[in-house]
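Comments concern the structure below.
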Amino acid sequence: MTASLPPVIAIDGPSASGKGTVAARVAERLGFHYLDSGSLYRLLALHAKQRGIDWSDEPGLAAAAAALPVDFSCGGMRLDGIEAGNIIRSEEIGIGASRVGALPAVREALLARQRAFRCLPGLVTDGRDMGSVVFPDATLKVYLTASAECRAERRHKQLIEKGESANLPQILHDIVERDARDAARPVAPLRQEPDALLLDTTALAIDQAVDQVLGWFAARQVSGQ
Ligand SMILES: Nc1ncnc2c1ncn2[C@@H]1O[C@H](COP(=O)(O)OP(=O)(O)O)[C@@H](O)[C@H]1O
Ligand SMILES: Nc1ccn([C@H]2C[C@H](O)[C@@H](COP(=O)(O)OP(=O)(O)O)O2)c(=O)n1
């Protein structure tokens, strides 16, 4: 049924589990395209903030999502022509992304944009509903996670390395709250789908996680699943 479509590796999981890091490295190793779907929700949250659209205004956000002025062609992420790759990484925008992502009309408006990334030779993508909604026929679905404490420590280290101020207990609180919102929403909630393989990276190095995903993908290709 899907034999003619480029392969997809879908990596979903909670905040700061390492999805983006692992997905980008897997894509690089395979020479595949990479879609960080969370960046679209983050760019929309930032765009709404700049335009005075409330993060609960579903019709306003859906219209903004359909016409989101983003450009990934330059290797970065331009919003309205201005590089936004750094500014969307703040915890505030992460919370905004989680709030706008809870709205069904917003998710619908971003669907086609995400599916357009499925190009030859293949796509590696990460988010919350890559395997369940956006690419349900993905060749490989991975649910990547780690303990909440480990994830908070990773995010804390990441922010410190970027020279930003960071408070570990606050980060842990924000992560737990955001994951709870992402998991509780009725549309495309964060959860491990029955056909997704669990990868707990709490005790794994990045390279080990990457090798595991590549191993699973190679096995899928051999078995033709
Ligand atoms: N085993 C691991 N797997 C993936 N990321 C890890 C691992 N150990 C540490 N990290 C670090 O965790 C941080 C958060 O990763 P990131 O890819 O931003 O997560 P996510 O996309 O899930 O929010 C990064 O700084 C990354 O280098
Ligand atoms: N496919 C996706 C990706 C992200 N979201 C929402 C929910 C998340 O809390 C925010 C931010 O996602 P992002 O993957 O960038 O966040 P983390 O790096 O995992 O902290 O966006 C979503 O609803 N669906």
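Throughout, read-outs are computed from the coordinates displayed, never taken from laboratory work. These figures come from a predicted structure and were not determined experimentally. In this analysis, Cβ positions are derived from the backbone assuming ideal geometry, glycine residues included, and neighbour counts consider all displayed protein chains.
Around the Cα centre of region 1-95, unit charges on the Cβ atoms of Lys, Arg, Asp and Glu (plus for the first two, minus for the last two) sum to a dipole of about 300 debye. Highest mobility in the GNM of the chain, judged by mean-square fluctuation with C-alpha springs under 10 Å and restricted to Arg29, Arg178, Arg155, is found for Arg29.
How large is log10 of I(q)/I(0) for the chain at q = 0.10, 0.13, 0.16, 0.18 Å⁻¹ when the intensity is taken from the Debye formula with one equal scatterer per alpha-carbon? Log10 of I(q)/I(0), two decimals: -0.43, -0.75, -1.17, -1.48. Taking R0 as 41 Å, what FRET efficiency do you get between Ala112 and Ala166 from their Cβ-Cβ distance, rounded to the nearest 0.05? In this case the efficiency is close to 0.70.
If each residue of separation counts as 0.36 nm, what is the full-extension length gain between Val222 and Val176 once their alpha-carbon separation is subtracted?
12.7 nm
Estimated at 0.36 nm per residue, the fully extended path between Ala67 and Leu120 surpasses their Cα-Cα distance by 16.5 nm. Net length available on complete extension from Asp137 to Asp211 is 24.4 nm, with 0.36 nm assigned per residue and the Cα-Cα distance removed. Would you please classify the overall shape of region 48-165 from the alpha carbon gyration tensor, given that a ≥ b ≥ c denote the square roots of the eigenvalues, rounded means a/c under 1.5, and beyond that prolate means a/b larger than b/c while oblate covers the rest? In terms of gyration-tensor shape, rounded.
Here r is the Cβ-Cβ distance between Ala105 and Gln50 and R0 is 25 Å; the resulting FRET efficiency, rounded to 0.05, is 0.80. The simple spin-label model puts a point 7 Å past each Cα toward its Cβ; for Asp195 and Arg29 those points are separated by 2.3 nm.
The distance linking region 92-141 with region 13-67 is 8 Å (Cα centroid to Cα centroid, whole angstrom).
For the chain, modelled as a GNM whose springs connect Cα atoms under 10 angstrom apart, the maximal fluctuation among Gly20, Gly101, Gly76 occurs at Gly76.
Looking only at the chain, where both bridge partners belong to it, what percent of the DSSP beta bridges are antiparallel (to the nearest 5)? Bridges in the chain that DSSP calls antiparallel: roughly 20 percent. Taking Ala203, Ala138, Ala62 in turn, the Gaussian network model of the chain (Cα-Cα springs below 10 Å) assigns the largest fluctuation to Ala203.
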